[in-house]
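The values are calculated or read from the model by the stated rules, or taken from the named source; none is laboratory data. Computed from a predicted model, the values in this text were never measured in an experiment. Counting neighbours? That spans all protein chains shown, and the Cβs are built from the backbone with ideal geometry, glycine included. In case anyone asks, the SASA skips ligands and DNA or RNA and just uses the protein heavy atoms, side chains included. Shrake-Rupley method; radii C 1.70, N 1.55, O 1.52, S 1.80 Å.
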Amino acid sequence: MAEVKVPVLGESITEATVGEWLKKPGEPVKADEPIASLETDKVSVEVPSPIAGVMGQQLVAVGDTVLVGAVIATVEEGGAAAAAPAPAVAAPAPAAAPVPAPAAAPASDVDAAALSPSVRRAILEHHVDPSTVQGTGKDGRLTKDDVVAAAQVKAPAAPAPAAPAAAVPAAPRVAGERKEERVRMTRLRQTVAKRLKEAQNTAAMLTTFNDVDMTEVMAARAKYKDLFEKKHGVRLGFMGFFVKAACQALKDIPAVNASIDGDDIVYHDYADISVAVSAPQGLVVPVIRDAQDLSVAAIERTIGDFGKRAKDGTLKMDEMKGGTFTISNGGVFGSLMSTPIINPPQSAVLGLHRIEDRPVVRDGQIVVRPMMYLALSYDHRLIDGREAVTFLVALKNAIEDPTRLLIDL
């Protein structure tokens, strides 16, 4: 028997919350196969089995807080025991021609390390043999959607018994009935709530606004997006332009890229840009290191990778540490305007919003242009209003005339 312990979770992180059990007692497990998912302050971490065998006791429940090094489960040793369930499934019917397919599983096991955690979890949840599924991802890799689609193809026979069950949910809601559901906050949500409130209590926060004409950037994107994707293997979005423009403006207005440490002001000669991306458990903020030295293609590639791994739950904690300035794009969710909250110890955050056609005056004429509101929230203890407005104007000028990014104006 082997004990399953909470692994080292990262610097200064001593505890986590049990988010989900990926294996049930009695189920076979392979060495290094994930058996549980833990939620930390920043990311989800999967706990692998130390040996091959059969899942034993679950010593903690979902929602429990566990310390690093704590024993949370046991795994009973023995490959034979793990293999025993397969014959048991095959024995019921000789016609189990499909069942021998698990015998082909070892071939797919060789590629198991290449599967993302979300794909492995989907395989376990839907009981799908990965060797029978055609991958649609890059280089033919298996995606979570591939697994779900394969499970739905297997399921047509199930709807028959499901029909009677459908009659139960159809019960009409009783007039005046009021229900409530109490759900424990995830550790990530608890941490976000705590940090945001601390930011409001500590910083002298203020938000200033401007708007930007997106005509030139949209024209450049439309003209070069196909060539860009063909050459760099990544789509040309708007974030690459904004990150480059922000790096240039931060160089001109260093206070926006600084932080307060006690009675000192810490200025940075580099721009580590935190970008907010959506994950199943909420927004996470990975960091683009030394963004000032990266091309638009490298920035877009990094952001795309962050977004994909945020959904898969494979972002590393080190990738979300630090950061000197944050950009949050609420426009992807349809936000017209907001007042973003700074991410301490940073002193400023830029909020991007949706692009919409609005009437504006150009050369004395009313014309329609694709406009976006920009919002800069900042710590007034460090950044003066003049500096905040100057930063936004510099950003606006760079986006409205992208040539400035090339000639450093």
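Remarks
- The range 179-239 and the range 1-74: distance between their alpha carbon centers, rounded to Å: 32 Å
- Rough spin-label spacing in nm, given labels placed 7 Å along Cα→Cβ, for Arg195 and Arg404: 3.1 nm
- Whole-number Å³ per residue for the convex hull built on Cα positions in the range 180-338: 168 Å³
- Proximal lysines to Lys5, defined as alpha-carbon separation beneath 17 angstrom and excluding residues fewer than eight positions away on the same chain: Lys23, Lys24, Lys30
- FRET efficiency for the pair Arg178 and Asp305, taken as 1/(1 + (r/R0)^6) with r the Cβ-Cβ distance and R0 = 45 Å, rounds to 0.50.
- Taking all protein chains as shown and a probe of 1.4 angstrom, Met239 keeps an accessible surface of around 30 Å².
- Of Lys5, Lys311, the order by accessible heavy-atom surface (1.4 Å probe, DNA, RNA and ligands excluded), from most exposed downward, is Lys311, Lys5.
- By average C-beta atoms within 10 angstrom, highest first, the peptides 122-131, 191-200, 175-184: 122-131, 191-200, 175-184
- Kirkwood-type radius of the range 363-409, with distances r between different C-alpha atoms, in Å: 12.8 Å
- The string of couplings for the range 59-67 from the Karplus curve (6.51, -1.76, 1.60, θ = phi - 60°) is 8, 9, 9, 4, x, 6, 8, 10, 8 Hz, one whole number per residue in order, with x for Gly and Pro.
- Proximity of backbone amide H atoms, modeled 1.01 Å from N, is registered between Ala271 and Asp290, Ala291, Gln292 at under 5 Å, excluding neighbours fewer than 5 places apart on the same chain.
- Using 0.36 nm per residue and subtracting the Cα-Cα separation, the extra length available between Thr132 and Arg235 on full extension is 34.0 nm.
- From phi via Karplus (6.51, -1.76, 1.60), per-residue ³J(HN,Hα) for the range 27-36 in Hz, x at Gly/Pro: 7, x, 9, 9, 4, 6, 7, x, 10, 8
- In nm, spacing of pseudo-spin labels at Ala61 and Val389 (7 Å Cα→C-beta vector): 5.8 nm
- Label zone at Val68, where the point sits 7 Å out along the Cα-to-Cβ direction: the range 299-319 residues whose backbone N lies under 17 Å: 316-319
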